[in-house]
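The values are calculated or read from the model by the stated rules, or taken from the named source; none is laboratory data. Small disclaimer: the values here were computed from a predicted structure and weren't measured. For neighbour counting, all protein chains shown are included, and Cβ atoms are generated from backbone atoms with ideal geometry for every residue, glycine included.
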Amino acid sequence: MQVELPVTLLWSLANNLSFWVAALITHSTLKPRKGKSQTFLGWVLFAALHYAVCAISYSIDITDDNFNLLGLLVLTPIAALVLYADVREARIFTSVMGALIANVTTFLFCGTTLSFVDNTPNPYNMRTIGIFLCIKAFWFTVMILVYRRFISQTVRDVISVLGRQLKSYVPIPVYCFLAFAVVNRLTNTLGILPGLPDTRVYFIIFYLIICSVFVILYYEIFSTALWSSRALKTEAELNVASNIQRDMLPNIFPAFPDRSEFDIYATMDPAKEVGGDFYDFFMIDQTHLAVVIADVSGKGVPAALFMVIAKTIIRNQAQSSLSPAEIFTRANAQLCENNGEGLFVTAYMGILDLRTGVLTYANAGHNPPLIRQAGGRFDWLKLRPGFVLAGMESMRYKEFQVTLSPGDSLFMYTDGVTEATNAALELYGEKRLEDALNTSDAAGLAPDQLLPLVKADVSRFVAGAPQADDITMLCLQFRETMKDDAKEEPA
């Protein structure tokens with residue numbers, strides 16, 4: 001259908017507004033390469049090109065929207081690629097999404113509004129198109145304000161997390177856009193136009209159904225992209241937290257290369273990105289070595305945060321006392337303060353006097369360690385465990401002593417070892433742990449060789465079943481008593 005030139009130009013202007021909506025949405029989301037004036041000038045040039053395409057196309061057939069829509073689909077991403085600095089996938093995704101939003105707004109709001117306010121039999125006239133132009137300007141303004149207020153930051157968050165992974169989502173708005181073009185062509189071919197009284201009801205029903213389907217579809221797809229981006233962001237944050245937690249534990253071995261009196265080694269394998277288990281070892285002074293292993297109730301981030309608090313408190317208390325019982329008593333009092341989540345810690349702590357080999361230790365509800373005398377077997381260091389830390393105020397703990405001779409070893413662990421389960425839900429158990437430590441392969445091994453051997457035995461038992469709890473082990477081997485000349489060195 002051909003119409004007068006003024007009608008064609010005004011109709012082209014009405015459709016060119018969609019390009020500007022896509023431009024404003026893109027600009028609200030992406031980072032420009034240049035300044036505001038240069039970016040604006042760039043959009044003006046691309047908008048002029050789109051307007052020229054519309055004017056030429058509509059001068060041939062004003063009912064044919066194909067070139068208008070094709071121009072939007074091609075020119076908008078090209079402009080975004082030229083004018084903005086984000087990753088290519090983000091520029092294409094955002095610009096096509098902006099063009100799609102413009103089309104949804106046109107069909108869902110502008111077209112239906114026109115059908116209520118104008119009854120002209122032929123919609124392609126100056127008056128009707130003028131009304132349509134005003135309607136589009138109003139609804140486009142509303143849509144841009146809504147996008148900037150409620151959507152733009154979310155889209156930026158998705159872009160910042162997904163980055164080049166947006167490549168898999170780019171086809172979605174493109175396919176939706178092409179589907180709209182097909183729907184638009186179909187309605188024009190069937191003669192369903194917003195201004196025709198005989199087809200007004202069909203137009204409203206048809207477009208409301210089609211647009212609603214596409215809006216819901218696109219919302220679901222975008223929600224999936226948003227969920228994926230948040231999941232990736234959370235995973236990245238947990239990886240950082242895992243690195244921080246790992247760095248908080250002594251992880252450089254040999255830990256004390258200048259000390260010949262003992263050898264020590266420890267490992268922790270969290271069940272999740274971060275865990276609640278921890279171990280620690282440090283020199284309290286020149287003649288006393290402290291070793292700690294502990295397990296916070298629960299898993300994941302809450303347990304990891306409480307683990308940091310517990311580890312810090314225990315180490316700080318150890319700087320002012322050589323009594324594990326007193327250290328646990330003070331630590332328990334501090335951990336009970338403001339413990340709204342009701343978390344608690346099982347812990348075992350020993351302080352080794354390097355001059356005599358006497359190990360003074362206390363147990364706050366933790367698994368008993370195993371001790372091996374030189375040339376002998378690993379046997380359970382049985383003791384009556386005290387109450388857990390942070391479980392009850394005013395608790396007092398008892399301590400015990402055992403004398404280590406050169407060559408003796410102490411093996412400590414958390415219940416992630418003995419409670420490891422296989423596919424049949426069988427527990428690894430204390431008996432298997434004892435047997436693994438007393439195999440001929442384990443005889444005489446240094447701590448850094450013994451722990452991997454035990455871990456391998458646990459892995460063979462579980463046979464690939466999911467890890468249910470953190471697995472932490474620590475082994476201390478007493479090699480020799482401290483020499484007299486070393487005792488005189490300052491702390």
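Structure above, values below:
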read-out	value
Any pair with Cβ under 6 angstrom, 6 or more apart, that starts in region 100-118 at a residue that is more than 23 Å from L75 (Cβ to Cβ) and ends at one that is part of a helix (DSSP H, G or I) and modelled with pLDDT of 80 or more	F109/W139; T113/I135; L114/F132; L114/I135; D118/T128; D118/I131
Leading residue by the ranking (farthest from G350 (Cα to Cα)) among those in region 467-483 that are buried (at least 22 other Cβ atoms within 10 Å of the Cβ) and of a type in the set (A, V, I, L, M, F, W, C)	I471
Within region 74-93, tally of residues that are aliphatic (A, V, I, L, M) and surrounded by 19 or more Cβ atoms within 10 Å (Cβ to Cβ)	6
Which listed residue is within 26 Å of the chain's Cα centre (by Cα), assigned by TED's automatic domain parsing to the domain that holds R396, within 28 Å of E480 (Cα to Cα) and outside any loop (DSSP other than H, G, I, E, B), from F306, F278	F278
Flag if G464 is in a loop (DSSP other than H, G, I, E, B) and either surrounded by 13 or more Cβ atoms within 10 Å (Cβ to Cβ) or modelled with pLDDT under 90 (or both)	yes
Residue in region 325-343 that is assigned to a loop (DSSP other than H, G, I, E, B) and either among the β-branched types (V, I, T) or at pLDDT 95 or above (or both) present	no
Boolean, K299 is basic (K, R), assigned by TED's automatic domain parsing to the domain that holds A420 and crowded, with 20+ Cβ neighbours inside 10 Å	no
Members of region 124-146 found to be of a type in the set (F, W, Y) and modelled with pLDDT of 90 or more, listed by number	F132, F138, W139, F140
Unique match (being in the same structural domain as S394 (by TED's automatic domain parsing), in contact with an Asp or Glu (Cβ under 6 Å, 6 or more places away or on another chain) and either under 24 Å from S405 (Cβ atoms) or assigned to a strand (DSSP E or B) (or both)) among A294, A347, A362	A362
Breaking point among (1) among the small types (G, A, S); (2) surrounded by fewer than 18 Cβ atoms within 10 Å (Cβ to Cβ); (3) closer than 29 Å to D285 by Cβ, for G342	(3)
Filtered residues of region 383-429 (kept if more than 25 Å from N339 (Cα to Cα), outside any loop (DSSP other than H, G, I, E, B) and either in contact with a His (Cβ under 7 Å, 6 or more places away or on another chain) or touching a residue at least 40 places away in the same chain (Cβ under 8 Å) (or both))	F400, Q401, V402, T403, S409, L410, F411, M412, Y413, V417, T418, T421
Whichever residue in region 329-356 is within 31 Å of the chain's Cα centre (by Cα) and of a type outside the set (A, V, I, L, M, F, W, C) and, among such residues, is nearest to I371 (Cα to Cα)	T346
Meets criteria (under 20 Å from E337 (Cβ atoms) and either surrounded by 20 or more Cβ atoms within 10 Å (Cβ to Cβ) or β-branched (V, I, T) (or both)) for V291	no
Within region 406-437, considering residues that are of a type in the set (S, T, N, Q) and in contact with a Leu (Cβ under 9 Å, 6 or more places away or on another chain), the one surrounded by the most Cβ atoms within 10 Å (Cβ to Cβ)	S409
Residue satisfying all of: in region 103-125; surrounded by fewer than 20 Cβ atoms within 10 Å (Cβ to Cβ) and among the aromatic types (F, W, Y); nearest to F180 (Cα to Cα) among these	F109
Residue in region 310-324 that is surrounded by the fewest Cβ atoms within 10 Å (Cβ to Cβ), counting only those that are touching a residue at least 40 places away in the same chain (Cβ under 8 Å) and assigned to a helix (DSSP H, G or I)	K311
